[in-house]
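Engineer: Handing you a structure now.
Since every read-out is calculated from the coordinates, none of them should be taken as a lab result. All values reported here derive from a predicted model rather than from experimental measurement. Here the Cβ is made from the backbone with ideal geometry for all residues, glycine too, and neighbour counts use every protein chain on show.
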Amino acid sequence: MFSTRVPQSLEANRITQAVHRARAESRPIVDLTITNPTTAGFEYPDSVLDGLSSARSLTYAPQPFGLPDARRAVACDYARRGLRAPPEHIVLTASTSEAYSLLFKLLCAPAGDAVMVPVPSYPLFDHLTALDGVRAIPYRLDYHGRWTLAYDDLDERWTPTVRAVLAVSPNNPTGSVLSADELATLAARCGERQAALIVDEVFADYGLVDGPAGPSVDSVRIAQCSRARAAGAPLTFRLGGLSKSAGLPQVKLGWLLVDGPGALVRDALERLEIICDAYLSVSTPVQVAAPMLIESGALVRAQILDRVRANYRALRTAAARHPAIEVLHADAGWSAVLRVPSTRSEEDLVVDLLDRDGVLVHPGFFFDFAHEAFLIVSLLPEPRVFADGIRRVLERADA
Ligand SMILES: Cc1ncc(COP(=O)(O)O)c(C=O)c1O
């Protein structure tokens with residue numbers, strides 16, 4: 001046996017067995033767990049990938065943080081949302097997952113240092129931290145009509161080994177956006193304790209509240225940005241990428257923006273340059289195509305935004321006929337959370353939904369919800385499919 005830090009794959013639980021059974025029997029499944037926009041019936045412009053075949057990509061002239069034109073295009077994308085992002089503080093990555101890995105290498109010594117991770121949140125954090133030999137210390141988000149950060153939990157669990165706090169805003173799957181106050185408090189805690197703040201903003205374009213850009217999402221980010229450079233502010237990293245902002249997960253282009261007091265930013269960039277130079281993982285064609293991908297991605301983003309808003313509205317309307325079921329408030333993102341009667345376990349309910357109703361949803365425990373019973377649904381499916389699946393979910397959960 002060799003020693004490894006690779007986490008074991010999840011034990012086949014009853015839900016995965018039920019999925020295999022349905023597939024083996026060729027039973028159709030209404031999949032309300034999809035997160036892949038490329039298979040969700042959106043129209044991608046024919047020309048969207050044209051930039052990838054540019055002859056300019058035949059020359060390899062790698063730069064650790066990426067080609068200047070591509071980094072300028074990302075800076076312009078921040079400007080679209082009202083944020084000033086100097087291109088020289090932008091680092092291109094192959095994905096957000098890779099951005100996390102670079103930051104863990106930058107900030108943490110393996111087998112000792114820790115990062116604080118929100119719960120409930122993105123399930124991949126367990127793997128991403130373990131793969132870099134970093135300990136993940138959870139801190140709670142609580143729901144009281146809206147999701148809020150549990151400061152007492154954060155403070156109690158904080159140890160001297162904490163090198164960074166991860167915040168996901170908008171969060172997956174809760175759809176919660178940290179308020180300006182919460183972000184300022186988190187930043188102050190990090191600043192006082194010499195920890196970095198890592199803010200994952202991949203869903204920032206998908207405000208579920210009607211309006212041009214989801215006002216709640218933008219106002220918070222702007223407030224955070226202007227404070228981030230003040231003395232006492234922490235080193236801050238903002239993560240984004242085309243996977244969500246342009247519905248293009250397959251082109252593999254993400255980025256991180258380094259922000260904070262000048263000396264900390266300069267030091268972080270110097271060290272990041274060494275790490276990025278060791279990998280040079282973002283392909284030249286995608287960097288050359290970046291300005292075009294970002295521009296044409298806007299058409300896909302608009303469709304996704306319309307879809308998630310329409311599905312969220314439809315979900316709330318349908319759930320209103322089932323008083324025992326609550327759709328939790330969400331500000332933004334691609335998913336919604338339903339609180340359902342806990343007359344049986346989440347696992348029993350999800351298996352029943354698959355076996356008897358042909359619908360797949362995620363149980364709350366998949367995202368480490370503190371107690372039962374919650375179901376998580378994706379807002380990405382085509383509206384007819386979504387409405388049909390939701391009707392079955394509500395009827396079964398209310399039975
Ligand atoms: C919060 C969050 N961050 C990052 C990602 C993944 O982004 P990428 O495809 O750029 O690695 C996801 C994917 O669902 C996510 O939910």
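Engineer: Whole-Hz ³J(HN,Hα) for each residue in the range 358-372, computed from phi via Karplus 6.51 cos²θ - 1.76 cosθ + 1.60 with θ = phi - 60°, x for glycine and proline: what do you get?
Structural biologist: x, 10, 10, 9, 8, x, x, 5, 4, 10, 6, 4, 5, 8, 9
Engineer: Turning to a different aspect of this structure: Just rank 20, 89, fewest to most, by other beta-carbon atoms within 10 angstrom.
Structural biologist: 20, 89
Engineer: Counting only DSSP beta bridges with both residues in the chain, tell me the antiparallel percent, nearest 5.
Structural biologist: Here the share of antiparallel DSSP bridges comes out near 55 percent.
Engineer: Right, here's the next one. In deg cm²/dmol, rounded to 500, what helix-only [θ] at 222 nm does the chain give when every DSSP H run of at least 4 residues adds -39500 (n - 2.57) and the total is split over its residues?
Structural biologist: -13000 deg cm²/dmol
Engineer: Among 200, 46, rank each residue by its count of other Cβ atoms within 10 Å, from fewest to most, as a rough exposure measure.
Structural biologist: Ranking 200, 46 by Cβ neighbours within 10 Å, fewest first, gives 46, 200.
Engineer: What net charge do the residues around residue 161 carry, taking every other residue with its C-beta under 12 Å from that of residue 161, with Lys and Arg at +1 and Asp and Glu at -1?
Structural biologist: +3
Engineer: Tell me the label-point distance for the pair residue 356, residue 278, using the 7 Å Cα-to-Cβ offset, in nm and rounded to one decimal.
Structural biologist: 5.4
Engineer: Express in whole angstrom the spacing between the alpha-carbon centres of the range 336-363 and the range 114-145.
Structural biologist: Taking the Cα centre of each part, the range 336-363 and the range 114-145 sit 24 Å apart.
Engineer: Another question, then. Take residue 53 and residue 345, extend 7 Å from each Cα along the Cα→Cβ direction, and tell me the distance between the two endpoints in nm.
Structural biologist: Distance between the two pseudo-spin positions: 5.3 nm.
Engineer: Compare 333, 133, 175 in a GNM of the chain, Cα atoms joined below 10 Å, and give the one with the largest fluctuation.
Structural biologist: Of 333, 133, 175, the Gaussian network model singles out 133 as fluctuating most.
Engineer: Another question, if that's okay. Using a Förster radius of 45 Å, what is the FRET efficiency between residue 388 and residue 194 based on their Cβ-Cβ separation? Nearest 0.05, please.
Structural biologist: Once rounded, the FRET efficiency stands at 0.30.
Engineer: Per 5 Å bin from zero, what fraction in whole % of the C-alpha pairs of the range 61-295 is there, up to the bin with the longest pair?
Structural biologist: The calculated distribution, bin by bin, is 1, 7, 15, 20, 21, 18, 12, 5, 1, 0, 0.
Engineer: Suppose R0 equals 45 Å; then what is the FRET efficiency for residue 38 and residue 148 from their Cβ-Cβ distance, rounded to the nearest 0.05?
Structural biologist: Computed FRET efficiency for residue 38 and residue 148 comes out at 0.85.
Engineer: Here's something else I'd like to know. Between the range 149-193 and the range 50-102, what is the C-alpha centre distance in whole Å?
Structural biologist: First find each Cα centre; the distance between them is then 27 Å.
Engineer: Report, by chain and number, residues whose modeled amide H sits under 5 Å from the one on residue 359, excluding near sequence neighbours (fewer than 5 apart, same chain).
Structural biologist: 30, 354
Engineer: Please report the relative contact order for the range 61-295, taking Cα pairs under 8 Å with a sequence separation of at least 6, and give it as a percent rounded to a whole number.
Structural biologist: Relative contact order of the range 61-295: 25 percent.
Engineer: Across the range 48-53, in residue order, what do the Karplus-derived ³J(HN,Hα) couplings come to in whole Hz, using 6.51 cos²θ - 1.76 cosθ + 1.60 with θ = phi - 60° and x for Gly and Pro?
Structural biologist: After applying 6.51 cos²θ - 1.76 cosθ + 1.60, I find 4, 9, 3, x, 5, 9 Hz.
Engineer: Moving on. PRE reach from residue 270 (point 7 Å along Cα→Cβ): which of the range 104-135 fall under 17 Å by backbone N?
Structural biologist: 106-107
Engineer: In whole percent, what relative contact order does the chain give with Cα contacts below 8 Å and a gap of six or more residues?
Structural biologist: About 24 percent, as a whole number.
Engineer: Treat the count of other C-beta atoms within 10 Å as a stand-in for reagent exposure and order 158, 147 from fewest to most.
Structural biologist: Listed from fewest to most nearby Cβ atoms, that is 158, 147.
Engineer: Could I ask something else about it? What are the residues whose amide H is under 5 Å from the amide H of residue 196, where those residues sit 5 or more places off or on another chain and H is modelled from the backbone?
Structural biologist: 164, 165
Engineer: Could you tell me the calculated FRET efficiency between residue 299 and residue 231, based on Cβ-Cβ distance and R0 = 35 angstrom, to the nearest 0.05?
Structural biologist: Using R0 = 35 Å, I get an efficiency of 0.25.
Engineer: Continuing with this model, one more query. At residue 156 and residue 16, where each label point lies 7 Å from the Cα along Cα→Cβ, what is the point-to-point distance in nanometres?
Structural biologist: Once both label points are built, they end up 3.2 nm from each other.
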